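Comments concern the structure below.
The values are calculated or read from the model by the stated rules, or taken from the named source; none is laboratory data. Every value quoted in this text rests on a predicted model; they were computed, and no experiment measured them. Here Cβ is always computed from backbone atoms with ideal geometry, including for glycine, and neighbour counts include all displayed protein chains.
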Amino acid sequence: MKKTINMAVNFSIIVFTILLFGACTSDPDSSGYEYMPDMYRSPSIETYVDYGEIRGRENKDLKSKLSALTPPRNTIPFCGTDSTEVRLMLPNLRKANAAWKESHGFYGVDLSKDDEYLLAANDINPYKLTAVNSASMMTNGKELFTAMCQHCHGEKGDGNGPMVASGAYVGVPAYATLTALSDGQIYYSIYYGKNMMGAHNSLLSKKEIWTLVHYVRQFQDPNYGKFDANGTAMKSVVADSTMN
Amino acid sequence: MKISNIQQLNRFKQLIFLVLTVAISTFSNEFFAQGEGLFKAKCAVCHQPHKNGTGPKLFEARKRWEAAGEGALIIEWVKNNAKLRASGKSARANEIFNEYKGSVMTAFTDLKDEEVISILDWVDAQPDPATAAPPTTGGAVTPGMDPEEESALSWIWIILGVMFVVIIMAVGGVRRQLNIATSDQLDVQEKLTYGEEFRAWAWKNRLYVGISTLVIVISLVVGVLQGLSRINVVENYQPSQPIAFPHSVHAGLNGIDCKYCHNSVTKSKSAGIPTVNVCMNCHKQISGEGKPYASEVQKIYAAAGWDPKNGPTGAYNNNTKPIVWNKVHVLPDHVYFNHSQHVVVGGVDCKQCHGDMTQMQEAVKVQPVSELNKIEGNIKLSKPTLTMGWCIECHGAKDVPLGNGKNAYYDEIHRRLKDNDKTLYRKYLKDGKVSVSELGGWECAKCHY
């Protein structure tokens, strides 16, 4: 009798051990063990980190919440102490507070309900194109254009980028057909979006948008941004957009 | 009386219109091709055949105008819509204008009547992609095995294993009992327990038992050490994601630059996960209707609070909710890594560490170093991805472009090396380059502080 009990105990220990190991399934969403979790996880806020658990303390409210938060209301990013640079980066004078309306700001901006777009026609590019900065402006512009615009608008600005070529997206105009737009309206269209194009203010700083305004003008006029030996603009449109 | 006259007139107009249409459309295929060309050149910027965009869809636009009783006016509308609206003879013209919130359509006064008809003919002949049979392979994500399914499978194996062990033990027990029952030396056998029996057997075969014990112990020690050294090596880590996002379609097929979505990579420590408004910049139009990935796009719409059925083109309803992505490349907090330093200053390409994302059809994973080494232009490394050895190896191999006028800090280092310490500079240049490690890239405090 004692023997059978012994056997049963031995047997159940073996079965229990097997079951115990069998229960170890790996969680595909876990990156595995860590040596020293208190050195691995930052108690101060870092982007894209789950703060549901810090150093053993669990905070249910923060679990699976995004830690990439929107900046505080009415703040602007620090952009140095150079006054011309700072002026360039100040909030857009049109609808300065629209950015804080919703979580991402630019939902449902309806261009027809206000005449801001028409008023923007009078806005002047504050980032002046001169004989000195023209070359670097166009290099920066090309870099920005490649990253931000060319997948739709095409490398040559003909509205035939890889997205249009693959058939995923339709209806991108060629820059050559948009000569009627003023600098301010191009800026406005990039900042708030226009027709099917979305707002790009969360992706580009104001300085970068004004750089792009200069760059896309090139597609309308190959002489744009070129200066003769005396340093005078070869195209009057440059002088117009850099007044004041 | 008067009304019926107008109706008759309208009917007459429609008849002429129809006859004209039929007559013209039977002309030749050439005319049809002309319609396609004109549509793509003049209309496609704002109109699609089957989907409202900046302007309404054009499929059967004629029928809609005819239904409004103004069938013949559509040509006038196309040629100069502002004039038609001003003339006041068309109610539908103003209706459309108001529906599209005053987006003004360009006047096409240079188009001939039959050219307009050729465009509309071509559009009406286009099949609707939404109702057409969905393609079998849409370049969409092919999901792997369902995790739940997988765990259920492993449970089956465990249960099978347990049953197997039970059977073996039962059989063994029966055999043992039988042995005891049939044995002559009942008294001797009965006294021995399992343990004593085993010890006797082990002593008898002590050479083999000793050698195999040694082998087992050594392999256990090696296994444990190897296991410890794999801790926090995250190669092939591929967490699940809330939306099946195929990088191959976005960065590969559609040629979107990495920096468009991960736009803080040049400005900040973190490369950035795009916010939903960035998704919506394209997905406002691309709803994936009739495609296998339509349900994934719906998840974006739910997050952005976008209602595609609201109004002619869809509208935001401000009911947003966050998308909780799972972070893939996680570095411990005691390591400082800055994307902008590597991408802008160091000029390192994304694929050096993340692999060729234009081919990545499934969810993002930490690419093993063997995969990274296959990519052309990558510095070849040997240590596992995202380990310190891997970082150090690359810091020793990567050259720093000095004195090319692109970076004031490196220009200054170049000037000082040239002017103050030529021997050191020559020592650095022995292998033909100044590596990151030679400029302090192997200092502990470079990354740990």
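Test A:E155 against the criterion of being assigned to a helix (DSSP H, G or I) and acidic (D, E), and give yes or no.
Numbers: assigned to a helix (DSSP H, G or I): no; acidic (D, E): yes.
So A:E155 does not fit the description; no.
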> Only one of B:K267, B:K259 is more than 20 Å from the chain's Cα centre (by Cα), facing chain A (nearest Cβ under 9 Å) and over 17 Å from B:A363 (Cβ atoms); which?
Replying inline: B:K267
> If B:L20 satisfies every condition in (1) at pLDDT below 70; (2) of a type outside the set (S, T, N, Q); (3) not in a helix (DSSP H, G or I) but one, which is the exception?
Replying inline: (3)
> Considering segment A:134-153 alone, what residues qualify as being more than 10 Å from chain B (Cβ to nearest Cβ) and small (G, A, S)?
Replying inline: A:S134, A:A135, A:S136, A:G141
>> Can you pull out every residue in segment B:35-54 that is surrounded by fewer than 19 Cβ atoms within 10 Å (Cβ to Cβ), over 22 Å from B:G290 (Cβ atoms) and without any contact (Cβ under 8 Å) to a residue 40 or more places away in the chain?
In response: B:G37, B:A41
> List pairs: first in segment A:155-170 and more than 10 Å from chain B (Cβ to nearest Cβ) and at positive phi, second among the polar types (S, T, N, Q) and outside any loop (DSSP other than H, G, I, E, B), Cβ under 8 Å, 6+ apart or cross-chain?
Replying inline: A:G157/A:Q218
> Based on what the data block shows, is B:H329 within 16 Å of the chain's Cα centre (by Cα), outside any strand (DSSP E or B) and within 24 Å of A:D50 (Cβ to Cβ)?
Replying inline: yes
> Which ones in segment B:234-256 are facing chain A (nearest Cβ under 8 Å) and either aromatic (F, W, Y) or assigned to a loop (DSSP other than H, G, I, E, B) (or both)?
Replying inline: B:V234, B:Y237, B:Q238, B:P239, B:S240, B:N254, B:G255, B:I256
> What single numbered condition from (1) free of Cβ contacts under 8 Å to residues at least 12 places away in the same chain; (2) more than 8 Å from chain A (Cβ to nearest Cβ); (3) outside any helix (DSSP H, G or I) fails to hold for B:Q298?
Replying inline: (3)
> Do you know which of the residues in segment A:171-190 that are of a type in the set (S, T, Y) and more than 22 Å from the chain's Cα centre (by Cα) is farthest from the other protein chains (Cβ to nearest Cβ)?
Replying inline: A:S182
> Looking at B:A44, B:A67, which one is more than 17 Å from B:D128 (Cβ to Cβ), modelled with pLDDT under 80 and hydrophobic (A, V, I, L, M, F, W, C)?
Replying inline: B:A67
> Of all residues in segment B:270-280, which are facing chain A (nearest Cβ under 7 Å) and closer than 17 Å to B:I243 by Cα?
Replying inline: B:I273, B:T275, B:V276, B:N277, B:V278, B:M280
>> Taking the conditions exactly as written (over 16 Å from the mean Cα position of the chain (by Cα) and of a type outside the set (D, E, K, R)), does B:V278 satisfy them or not?
In response: no
>> I'm checking my understanding of the structure. Among residues of segment B:309-340 that are over 30 Å from B:M357 (Cα atoms) and more than 8 Å from chain A (Cβ to nearest Cβ), which one is surrounded by the most Cβ atoms within 10 Å (Cβ to Cβ)?
In response: B:T313
> Are any residues in segment B:341-362 within 15 Å of the chain's Cα centre (by Cα), within 14 Å of another protein chain (Cβ to nearest Cβ) and not charged (D, E, K, R), and if so, which ones?
Replying inline: B:T358
> Among A:N223, A:N195, which is the only one that is at pLDDT below 80 and surrounded by fewer than 20 Cβ atoms within 10 Å (Cβ to Cβ)?
Replying inline: A:N195
> Going by the conditions given, is B:K365 under 28 Å from the mean Cα position of the chain (by Cα), surrounded by 15 or more Cβ atoms within 10 Å (Cβ to Cβ) and more than 24 Å from B:G440 (Cβ to Cβ)?
Replying inline: yes
>> When the residues of segment A:158-188 are narrowed to those that are assigned to a loop (DSSP other than H, G, I, E, B) and of a type in the set (A, V, I, L, M), which ends up farthest from A:R94 (Cα to Cα)?
In response: A:A168
>> Can you tell me how many residues within segment B:155-193 are surrounded by 11 or more Cβ atoms within 10 Å (Cβ to Cβ), at pLDDT 70 or above and part of a helix (DSSP H, G or I)?
In response: 12
